[in-house]
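Derivation of every value follows stated rules applied to the coordinates shown; laboratory data play no part. On a predicted model such as this, the values are computed, not experimentally measured, just so you know. Glycine also receives a Cβ, built like all others from the backbone with ideal geometry; neighbour counts cover every protein chain displayed.
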Amino acid sequence: MKILVPIKRVVDYNVKVRPMPDNSNVDLNNAKMSVNPFCEIALEEAVRIKEASNAEEVIAITVGKTESQEQLRTALALGADRAILIESDSLLEPLAIAKVLAKVVEQEHPDLVILGKQAIDGDNNQTGQMLAALLDYPQATNASEIKLDESNVTVTREIDGGLQTLQLNKPAVVTTDLRLNEPRYASLPNIMKAKKKELTVTNISDLGVDVNPRTELLSVELPPSRDAGIIVESVDELVEKLKNEAKVIT
Amino acid sequence: MSILVIAEHDNSSIKGATLNTIAAASNINGEVTLLVAGLDISKVIDEAKTISGVSKIISCDHELYKNFLAEDFAKLVLSIADSYSYILAPATTFGKNLMPRISAKLDIQQISDIISIESEDTFKRPIYAGSCIATVKSNDSVKLITVRATAFDPVSLDNNDIPVESIDAVDASNISEFVSEEIAKSDRPELTAANIVISGGRGMQSGDNFHLLDSIADKLGAAVGASRAAVDAGFVPNDYQVGQTGKIVAPDLYIAVGISGAIQHLAGMKDSKVIVAINKDEDAPIFQVADYGLVSDLFDALPELEAKL
């Protein structure tokens, strides 16, 4: 079995992102970039499936600029067998990414595609579901458990209010939620080994996919800020304020 | 312009976020049609018929839609999508799961999680965990949108009697199957619908200590939530999570206990009307958004708070 893991290069989780002075976009100059945290969970799951001898190959893929090779090397150090960069100078929308991935799925024929439920930059939560739709594959989003057998994948999903378990025919698309696993760190020997693993680069124009943008970003602003509050000295004062000033409890 | 809103329900009643989504739809110039699909949904339809701001209901009562699986539900929506210029659903796990599947099939770039409608093609939405707000213009001919419920006041249920049209189910996909569901049973209000929410973070130190929040929640009629750190640490299930990758809440009162206030958590609660922070670290960023801060060890403050409520 073959597993494809699409990953995304995003601004690091700990970076506080601000708009550019002219509000045309977010200011990412010199910001630390990382693998999107949900993609790390997806990769970890794929590697664990392989380690349990339920898959032969794990392929990491990303669609982005040349610099995204850094994140693919990280994926290789974390256990992916090979990596694919579909090189694009412009930042693509989720629909375009899904179209590109669908094209690669048609070439690679993975049995399972595992990807993060959302990227922490655009917070769109779309790519996995769109990919499943384009391929007419079944989908399970927000996975907290993945079990495999001969022809099916059984996924427990985090839904509002609880858990739902679905059984999908393979091939299938699964997106990961927080509790699926805790990703490992890359060891130094594995980082060294990753440098020798195969990383192929394809220019996006070679795929013949329509990736023209459908939306325009008109502006990026800071959200309205909250007025500074006060520090209360005691629980008594807190209860008094909530009752008489804020009037939110009785 | 015709607008389709996809109702979220549980085959017995309409979920609150549907009413916020209809409110968002009423900011667009056009008639709103509500799609209600499920199994044995007569009670849901009776309720839907009273919703303000809806002109027509389309109902599909069929086994295939009982568990709202995206594969079949998307096919049903696609069978009627031609008639609409806007298709909206709440940005809940239901809407987030379903809408991109429809959107890709229609070759449309969906706009996720909108917080305002600026014009017929321009919307505001939070990005980077709400650190920034993007204004986005859609150039697609049809707009596919998920709506952040907390950003729109819900429409009301009135003495309406909206006409209902029934449609047939479409062919089954037969590629996925529902196995089971475990919905947490609680006497407390749902996190996203509660007027008061009390949440715990890593400072709670263990899942057992959440009983300190439970007893206050019971006194206040509040829901209990958690930060991602508390979920990560295994203190509580993921459906407690408030934040960028969890639930978005905006109650009248939000009490953050032992939560440092990472941007990812603030993304899920900073639109609450009144925010209280209880934390022993006076430098915790949560105090910057709190209306009332109490610098105290939560293990002293919580029992005292419970006694005084």
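The length gained on full extension between A:Glu56 and A:Ile191, counted as 0.36 nm times the residue separation minus their Cα-Cα distance, comes to 46.5 nm. Residue by residue along B:109-115, Cβ atoms of other protein chains within 10 Å of the local Cβ number 5 on average. Cα extents for chain A along the principal axes, largest to smallest and rounded to whole angstrom: 66, 44, 40. Working from Cα pairs under 8 Å separated by at least six residues, relative contact order for chain B is 15 percent. Direction-averaged shadow area of the convex hull around the Cα atoms of chain B, nm²? Averaged projected hull area, Cα only: 16.5 nm².
Residue by residue, region B:153-170 carries 3J(HN,Hα) couplings of 6, x, 6, 9, 9, 10, 8, 8, 9, 6, x, 10, 10, 9, 10, 7, 5, 9 Hz when phi is fed to the Karplus relation 6.51 cos²θ - 1.76 cosθ + 1.60 (θ = phi - 60°); x denotes Gly or Pro. Projected label points at B:Lys308 and B:Ser2, each 7 Å from Cα along the beta carbon direction, are separated by 5.9 nanometres. Across region B:120-192, the relative contact order, built from alpha-carbon pairs under 8 Å that are at least six residues apart, equals 16 percent.
How large is the direction-averaged shadow of the alpha-carbon convex hull of region A:84-198, in nm²?
8.9
Cross-link pairs exceeding 24 Å between alpha carbons, from the set A:Lys16/B:Lys96; B:Lys15/B:Lys56; A:Lys50/A:Lys195; B:Lys137/B:Lys247; A:Lys32/B:Lys105: A:Lys16/B:Lys96; B:Lys137/B:Lys247; A:Lys32/B:Lys105. Site-free segments of chain A were taken between GluC sites (Glu not before Pro) in DSSP loops having at most 12 other Cβ atoms within 10 Å, sites themselves excluded; the longest one is A:57-149. According to the Kirkwood relation over distinct C-alpha pairs, the hydrodynamic radius of region B:170-309 is 15.4 Å. Here, P(r) means the percent of Cα pairs in each 5 Å bin from 0 to the largest distance; for region A:151-238 it is 2, 7, 7, 7, 8, 11, 18, 16, 9, 5, 5, 4, 2, 0. Projected label points at A:Lys147 and B:Asn27, each 7 Å from Cα along the beta carbon direction, are separated by 4.4 nanometres. Computed from phi, the 3J(HN,Hα) profile of region A:218-224 under the Karplus parametrisation 6.51, -1.76, 1.60 (θ = phi - 60°) reads 7, 6, 10, 10, 6, x, x Hz, with x in place of Gly and Pro.
With a Förster radius of 60 Å, plug the Cβ-Cβ distance of A:Glu221 and B:Glu165 into 1/(1 + (r/R0)^6) and report the FRET value to the nearest 0.05.
FRET efficiency, A:Glu221 to B:Glu165: 0.90.
Viscosity 1.567 mPa s, temperature 4 °C: what is the translational diffusion coefficient of region A:5-79 from Stokes-Einstein with a Kirkwood Rh over Cα pairs, rounded to a whole number of µm²/s? For these conditions, the coefficient is 95 µm²/s. For region A:25-52, list residues with backbone N below 14 Å from a point placed 7 Å from the Cα of A:Glu70 toward its Cβ? Of the residues in region A:25-52, A:28-36 have backbone N under 14 Å from the label point off A:Glu70.
How much net charge surrounds A:Lys99 when only the other residues with a Cβ under 13 Å from the Cβ of A:Lys99 are counted, with Lys and Arg +1 and Asp and Glu -1? Taking every Cβ under 13 Å from that of A:Lys99, the sum is -1. For region B:82-109, list residues with backbone N below 18 Å from a point placed 7 Å from the Cα of A:Glu106 toward its Cβ? Residues B:104-108 fall inside that zone.
For the segment A:165-173, counting C-beta atoms of other chains within 10 Å of every residue's C-beta and taking the mean gives 4.
Evaluated at q = 0.05, 0.06, 0.08, 0.11 Å⁻¹, a Debye calculation over the C-alpha positions of the protein assembly as shown (equal weights, vacuum) places log10 I(q)/I(0) at -0.20, -0.29, -0.53, -1.02.
So how strong a dipole does region A:1-149 carry about its Cα centre when Lys and Arg Cβ are +1 and Asp and Glu Cβ are -1, to the nearest 20 debye?
Working: 15 positive and 23 negative charges, 44 e Å.
The dipole magnitude comes to about 220 debye.
Note on region B:210-276: Cα Rg divided by 2.2 N^0.38 Å, N the number of residues, gives 1.02. In terms of Cα atoms, the Rg and Dmax of region B:27-163 work out to 15.3, 43 Å.
Its DSSP H runs of at least 4 residues, each contributing -39,500 (n - 2.57), put the calculated 222 nm mean residue ellipticity of chain B at -6500 deg cm²/dmol, to the nearest 500. Relative contact order, whole percent, for chain A stands at 23, derived from Cα pairs under 8 Å and 6 or more residues apart.
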